[in-house]
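Written below as structure tokens is the structure these notes are about.
The values are calculated or read from the model by the stated rules, or taken from the named source; none is laboratory data. Just so it is clear, the model here is predicted, and its values are computed rather than measured. Reconstructed Cβ throughout: ideal geometry from the backbone, glycine too, with neighbour counts over all protein chains shown. For the accessible areas, the whole protein counts, side chains as well, though only heavy atoms, and no ligand, DNA or RNA atoms are used. Shrake-Rupley method; radii C 1.70, N 1.55, O 1.52, S 1.80 Å.
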Amino acid sequence: MRNNTELMAKLAKFFPLYLLFYFILILVNATMLPVAWVDEVMLIDPSMNLINNGHFASKIWPFINTEVFFAAYLPVPAFLYAFALGIFSNTIFVTRITWILLFVIHIYLLYRLLSHYLKNKEIVYFLLIVYLNLEGITNAMRSGRAEIPELLFISLFLFAFLIKKNPIISGLSLTFLGLCHPSMWMICSIAFIWIVVGKFFKPFKIKFLISAGIPVILFIIFAGENLIEYQNQLFIHAAEHSNTQNQHNFLTSYFVDFFLPVYASQPYLILFIWLAFGYSCYKIVYYKKNRDLFIPLLFIGTYIFWMFSLAVFHRYTPVIVFLSFLLIPSMMDLINNTYPNFKLKFKNTLVTNMLFLIALLLVSAPFLIRNSVAIVQKQQRSTKPLFAWLDKEIKTDHKKILIVGAPVGLFYSMKNENVEYTLTYGTRKFKFNDYEKVYYLKHRHDRICGKFIANYPISESDFEATLSKLFKTETYLGMSLYQISSEQELQDLNYYFD
């Protein structure tokens, strides 16, 4: 009986090709999956304003004073957008490719972390394939939210701290992680205390503290007298995402609802998170008999912190998933130490290879299906024909124009200097008389307001309609354009204050 050596060797040869195919598919659909949506637009707008006029501000947010200084979100994600848009063109492709490149770096760091603790590279490849296809992870890469910068900086910190023993990069990356999102503050606190109180050489601690303090000082200098705005904006914004919004009991909310519906097609991830939670508790309770306590502490500390602070939005889960994968080497060591005679063996036969291929297809299915549907719906998802239609209907002619409504309007405004954009949330910060024309770009089920001009002249086949219904996809199909004729009509569009 042959063991799994030959099959794993095949996996080692297959992995680079799989990785190439994976990222080519992502690049093909970069601007189409998803179509422009609210969260990415709300982070890009202050970044664009910083580039265009030097003011880190945004009028499209509903909170008070964001039009003076933007403090409704911590600055690192927006700064990353500003860096990319400042160097390259102002397009939806640049904004999407920025997050994709950050994700590539994160995957490399995850590979280095797993390879450091797992001798069998083929197991590392298999784990990476699973990780790359998890719906929450791929959603994060496409979302334009803070989760990808979070994954980048936490993986960079752990790589620098655990493997390279580099205090400078450790300190910088940990602070940048804390400046991504308040949900990362528990990780930063645990890591900071671990290093400062732990048995590390004094020079290591000094270098770590100095490097960790540099981003804080730069942040304070940048914010200046506007630092108080983080209290007025950030914490009001955070209150909208607190655990008071959860609808079910404690256990159901944080062990089931937290991962649904996004992981409904991958329930093995939910089961694994439960296992990782129990394993981390075991490591902490029996800490005197165990080593490698750092990752379990980060996992449990973050999970409990979120339980008492965050609403159960599945988009927050990527960091928890990442930490759970870093627990796998330790979990495997526990199994090997407890059952030293246990060896996983199987016949390297055609049946075995077929079963492995089926498992690979099942793991990859959600990613492949989602990307395949996006390719089929290319006409309905592409911004090029949509922008051509807007050019035809609006006829800017250097007039000062405001577009309100669908998030894709921001990307249209990015290529037209005389066009401004706002979400319906932010109309109270705009005045009708400041513009020669005001348009409302309506998408499907949004409210009707203003004088109808035209529908986006695009259709879908019966097959495409079936795909849209089956997979609940969003496209630009069903958009329409209206002209706003008064201040009252403009303010009637406001959704946030209803």
### One residue from His237, His248 being under 30 Å from Phe367 (Cα atoms) and either buried (at least 17 other Cβ atoms within 10 Å of the Cβ) or at pLDDT below 90 (or both)
His248
### Query
Does Lys395 fit the bill of being open to solvent by 80 Å² or more (accessible area, probe 1.4 Å), closer than 19 Å to Trp37 by Cβ and of a type in the set (Lys, Arg)?
no
### Query
How about the range 72-98: which of its residues are free of Cβ contacts under 8 Å to residues at least 40 places away in the same chain, in a loop (DSSP other than H, G, I, E, B) and small (Gly, Ala, Ser)?
Ser89
#### Entry: Failed item, numbered, when Phe69 is tested on (1) of a type outside the set (Ser, Thr, Tyr); (2) part of a helix (DSSP H, G or I); (3) in contact (Cβ under 8 Å) with a residue 24 or more places away in the chain
(2)
#### Entry: Residue identified as open to solvent by 40 Å² or more (accessible area, probe 1.4 Å), hydrophobic (A, V, I, L, M, F, W, C) and within 26 Å of Asn139 (Cβ to Cβ) among Leu271, Leu297
Leu271
### Task
Filter the range 465-498 for residues that are touching a Ser or Thr at 6+ places or on another chain (Cβ under 9 Å) and either modelled with pLDDT of 90 or more or among the β-branched types (Val, Ile, Thr) (or both) and give the result.
Glu474, Thr475, Tyr476, Leu477, Leu490, Gln491, Asp492, Leu493
### Task
Name the single residue, out of those in the range 158-173 being over 25 Å from the mean Cα position of the chain (by Cα) and in a helix (DSSP H, G or I), that is nearest to Gly213 (Cα to Cα).
Ile168
### Residues of the range 456-498 classified as free of Cβ contacts under 8 Å to residues at least 60 places away in the same chain and open to solvent by less than 90 Å² (accessible area, probe 1.4 Å), total
13
### Query
What's the number of the condition Ser155 fails, among (1) closer than 24 Å to Pro46 by Cβ; (2) part of a helix (DSSP H, G or I); (3) modelled with pLDDT of 95 or more?
(1)
### Task
Could you check how many residues of the range 89-122 are farther than 18 Å from Ile26 by Cβ and either surrounded by fewer than 18 Cβ atoms within 10 Å (Cβ to Cβ) or not hydrophobic (A, V, I, L, M, F, W, C) (or both)?
11
### Message
Of the conditions (1) among the aromatic types (Phe, Trp, Tyr); (2) surrounded by fewer than 24 Cβ atoms within 10 Å (Cβ to Cβ); (3) within 26 Å of Met307 (Cβ to Cβ), Phe153 satisfies every one except a single condition; which number is it?
### Response
(2)
